[in-house]
Every structure is written in structure tokens, then in C-alpha cells.
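Shown next, in C-alpha cells, is the structure this report addresses.
The values are calculated or read from the model by the stated rules, or taken from the named source; none is laboratory data. None of these values were measured; they are calculated from a predicted model. Methodologically, a virtual Cβ is constructed for each residue, glycine included, from the backbone with ideal geometry; neighbour enumeration extends over all protein chains shown.
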Amino acid sequence: MNPTHLKLHLKNSMHRVAITGIGIVSCLGSDIRTVSEALQQGRSGIAVDEERKAMGFRSPLSGIIPDFDPKDILPRKHRKTMPDFSVQAYAAVMDALKMARLTEKDIQNEETGLVFGCDSSSQAAVNQVDLLRKYGETKLIGSGWIFRSMTSNITMNLNTILGTQGASWTISSACSSGGHAIGQAADLVAYGRQKRMICGGAQEVNWESVCSFDGIGAFSCRTQDPKAASRPFDIERDGLVPSGGAAALVLERLDLARERGAPVLGEILAYAFSSDGEYISMPNLDGLQRAMRKALAEATMAPSDIQYICAHATSTQEGDAAEAENIYSVFGSRCPWVSSVKSMTGHELWMSGASQVVYSVIMAKDGFIAPNINFRAPDEHTKKLNIVFETIRKPPETVLCNSAGFGGTNACLVIGFDT
């Protein structure tokens, strides 16, 4: 079989990938209904973190997760090896499994896998060093800190608790980690390597994980009006606002999902990736558009087929400008609706690529497109986009989700909601 025929054979033999469950723990809420209401109302989850203020942060702004206590979710036996964001991931996964109508018995087999995006566990690393300095000997640190401080702590803990027996690993690719995790999970299902995947992304919300970002002046300093601080694409944007939590999805073969009568919330139509190959902290005008073009080609779609772009835009001058130019290069003057949910959530960092997919599913399910709040006026780059500045009361049928990270890594997902 020649390479062309082999490629066609593989494409024709691929399985369609359904989204059958979602879960979220974020500064907008810890259940789908609350988060949906926040998205529709344009309600921000950003506030001043008093601990960061006391620590001497230049900007103490943060996404604040309300009413979430890990003690209410898991017993101490499990929490011993899990940082808070890992417990949040577990909570989001359990909600996603419930929505997908899957029991723990259903997933305890080699056809169910786990892939999560995460790129740090900073607080745990700091805490164990503090314990050593306090007690002067390592034997008093405690074994749980070994697992808490590992970047792969989510998948190793969830695999143990849930009893899944398939794939189990963590993707670490900065702020595109969650996007790549969903894309790779979708590929595993599409190519028949797994029948279903539990996937997503998570980010710790604490001062230890972001103090160096604050040190380089990456954060907005609109402390007098926290809810207006994150303003993607706006001409007066002055930096991002850090945030986090956990987002989870259940992906499975569409034919199997239909066979068991599962709810089909949407379909992963394509996943594509690229690297800028240029700067470590600055996006260029080429990398993201290559990933977008590849995603459209994989989905056999024209740019005009996309109804909504859930943008990566984090509220930084350079990043938003680069994404705007990349989007314009692909879509031109016929740009679809564009908004960045980070205007409400802040930048959920390693989680953001996954949470954008969850937020997009919520929009399609509940019949709206979320606004890019705090957008007052564009600059020379962002004026080329069709920014959603107030809630649109119409569900998107096709969505393109962008995520990008340090080192120039990009992930793009095309999602369809007409299944």
C-alpha cells in the first residue's frame, strides 16, 4: 500500500469522537449550572487575594474559587497524596462521569484511559522544603509530599482512585497543556487505541505558583476594579490575571455512546498543533495560524464553516495582538464571532485549553455565546476581529478553540455540535 493510499485508509477507518460528559471547578463556580449563568451574565470571578497583598505582590489579583473544600470531596487517605488542584480535578471528573452516565465499574478496564494537562505543582515543592528547614531532617517531611509535588500527580492519583487500566499520563506544555491533553485523548479514541478517555487540565491557585510571573510585571494592576482587570483584545489591557481550578471531559467513540444511549454533547472534529520555533515567551505571527489551518483541513472545513472562535487571548499586549493577526491571516474580513472567556475567569494557565472546551460545550448546550467582557475599544490589531462584546442568544454549531504556551507551543481543536 503506497503512502497516499495508507493515509486514506487510516482516515476512513478512524472513529468519530463524542463528548459525553463535562465537569468544571473554576472561579465562576463548581457546577455546570452556576458556570453557565456566570458566562451568560458576563460575571467575573476575579478578586484581590489578601494573602498575596500581604506577601508583597505587585498585583494581588487572582481568580478566586468559591465554596470548594477538598475535605468535602475525598477522605484524608486520598488527600494525603493530592494537592488541592488534583482534588478539584477529581471533582470535575466525577461530575463528567455522572453526566456521561458512566459508573466506576464501567471505567475499570483497559479500554478507559486518563490524560490531563498540567505543568507544575509549585506549592507542594515549596512546602516540603519549608518542612526540611523547620525540622532539620528529611524523615519528618512525610511520604505524601513525594506525590503531591510531581507534575503527574493528577493522573497517578485518579488512576489509583478510579481504577482505570488504560492510558494514564500527564501532558506538560505550558498554557496549551489542557488543549493538547484533549487533542491527544481524542486521537487515542479516533485511532481505536481506547474506547473512552477521561481528560482535561488543571492549575493550582496559590501565590507560590505565580510569584515569578508577578516579578516580571506580567499581571494587570487594576486592583481598584478587579472585575475589570482582565480585558482581552481591549486597547487598555495591561496584563493577565492568574487563575485556575480544573476542567474535565469524557470522550468516547460516537457509535458506542449512541449504542448505550449516552448524551452526546458534541464531537471533536479535529485536533492540530504547531510550534512557533522562534521565541520562548513571545508568540509570533505564524505558529498559531499554521495550527488553525491544519485543524480546519483535518475537519475538512473552510474558514467560513466556523461560527465561533474561543480565543486564547490572555489580556497581554503582545499575546493578544499576535493572536488577532494569526486569526485574521486565516479568516480575513469574514471573521466569525470571537471572545475570550479569560475576560471573566482570568488566565487559567495549564487548565485553560481544557476549560475553553468545557465552556464552549456549555454555550452550545445552553444556547448562547459568551461575551468578551471589559472590551471597550480595539487597537490596530484587534480591530480586525469580530469581538463578542455582549451575550449572543444563539448556540454555536462549530467552534474553534485556540490555546498557546511558552516556547511557542500551540493547540487547536475544532468542535461540532450538530451530531
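The number of residues in the range 300-324 being in contact with a Leu (Cβ under 9 Å, 6 or more places away or on another chain), within 20 Å of P242 (Cβ to Cβ) and surrounded by fewer than 24 Cβ atoms within 10 Å (Cβ to Cβ) comes to 2. Among the residues of the range 174-193, the one identified as surrounded by fewer than 24 Cβ atoms within 10 Å (Cβ to Cβ) and of a type in the set (S, T, N, Q) is Q184. Surrounded by 24 or more Cβ atoms within 10 Å (Cβ to Cβ), out of contact with any Gly (no Cβ under 8 Å at 6 or more places or on another chain) and within 16 Å of E348 (Cβ to Cβ), is that true of I171? Taking the combined requirement at face value, the residue does not satisfy it. Scanning the range 87-121 for residues that are of a type in the set (G, A, S) and either in contact with a Pro (Cβ under 9 Å, 6 or more places away or on another chain) or surrounded by fewer than 18 Cβ atoms within 10 Å (Cβ to Cβ) (or both) gives A91, A100, S121.
Among residues of the range 96-123 that are in contact (Cβ under 8 Å) with a residue 40 or more places away in the chain and over 22 Å from A404 (Cα atoms), those with a beta-carbon under 6 Å from a residue that is surrounded by fewer than 19 Cβ atoms within 10 Å (Cβ to Cβ) and acidic (D, E) at least six positions away or on a different chain give the pairs Q123/E208.
Under the condition of being polar (S, T, N, Q) and within 20 Å of A218 (Cβ to Cβ), which residue from the range 37-74 is farthest from the chain's Cα centre (by Cα)? The selected residue is S59.
The residue list G183, G179, G166, G192 contains one member that is touching a Leu at 6+ places or on another chain (Cβ under 9 Å), in contact (Cβ under 8 Å) with a residue 12 or more places away in the chain and either acidic (D, E) or in a loop (DSSP other than H, G, I, E, B) (or both), which is G166. Filtering the range 353-405 to residues that are touching a Cys at 6+ places or on another chain (Cβ under 7 Å) and assigned to a loop (DSSP other than H, G, I, E, B) leaves only L385.
Kindly check whether there is at least one residue in the range 146-166 that is modelled with pLDDT under 95, over 21 Å from G405 (Cβ atoms), in contact with a helix residue (DSSP H, G or I) (Cβ under 9 Å, 6 or more places away or on another chain) and surrounded by fewer than 16 Cβ atoms within 10 Å (Cβ to Cβ). Checked the range 146-166: at least one residue is modelled with pLDDT under 95, over 21 Å from G405 (Cβ atoms), in contact with a helix residue (DSSP H, G or I) (Cβ under 9 Å, 6 or more places away or on another chain) and surrounded by fewer than 16 Cβ atoms within 10 Å (Cβ to Cβ).
Being modelled with pLDDT of 95 or more and not hydrophobic (A, V, I, L, M, F, W, C) is the requirement here; does D67 meet it? No: the conditions fail for D67. Give the residues of the range 224-243 that are aliphatic (A, V, I, L, M) and under 17 Å from the mean Cα position of the chain (by Cα), sorted by residue number. Once the filter is applied, which keeps residues that are aliphatic (A, V, I, L, M) and under 17 Å from the mean Cα position of the chain (by Cα), the range 224-243 yields L240, V241.
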